[in-house]
């Protein structure tokens, strides 16, 4: 069996016109192996995936990371867990949202751009890099919409 594989390869190479076919087949195999290797590397590094806010403690940690000195006292999570509103004792509000596979937070400084539609609260921060987020807060949406009016009407 040991001598048969090299003999088979030599027989294939001796056939007219087989060279380009073997090159294409080898390229396809190498490409497939590289794709599998990249997939394995992405899994090893825990890249991608469906990032969700685990719970209120996770949302609090994300808000603290976004705004130094921020100590949450009130937290409302989006039903899909892709965003959260977090308030501290001083009345500052941080909007936490998913950005790719990670989370970012931004302090809301104005009620400008905040719209309520039943249980859905749409928040525009005025920051094009942060964007607009619509979150489903359930019954808490009306409470948050009313409390956010206290932020004033100056630009975000």
Checklist line | Shape category assigned to segment 4-44 from the gyration tensor of Cα positions, a/c cut at 1.5 | finding: oblate
Margin query: Angle check, please: helix 56-66 long axis (alpha carbons) against the longest principal axis of the chain (alpha carbons), in degrees 0 to 90, nearest 10.
Written below: 90
Check: How far is helix 18-44 tilted, in degrees, relative to the longest principal axis of the Cα atoms in the chain, given as a value from 0 to 90 rounded to the nearest 10?
Finding: 30
Next item on the list: Could you please rank 120, 10, placing first whichever residue has the fewest other Cβ atoms within 10 Å of its Cβ?
Entry: 10, 120
Notebook entry, point to check: Against the longest alpha carbon principal axis of the chain, how many degrees, from 0 to 90 and to the nearest 10, is the axis of helix 4-14 turned?
Noted result: 90
Check: Which of rounded, prolate, oblate describes segment 82-140, given a ≥ b ≥ c as roots of the alpha-carbon gyration tensor eigenvalues and a/c under 1.5 marking rounded, otherwise prolate only if a/b is larger than b/c?
Finding: rounded
Note to self: Along each principal axis of its Cα atoms, how long is the chain end to end? Whole angstroms, biggest number first, please.
What the structure shows: 83, 27, 27
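Bear in mind that the values in this text are calculations on the coordinates, not laboratory data. It should be emphasised that the depicted structure is a prediction, and the values quoted were computed from it without experimental measurement. Every residue, glycine among them, receives a Cβ derived from its backbone with ideal geometry; neighbour counts consider all protein chains shown.
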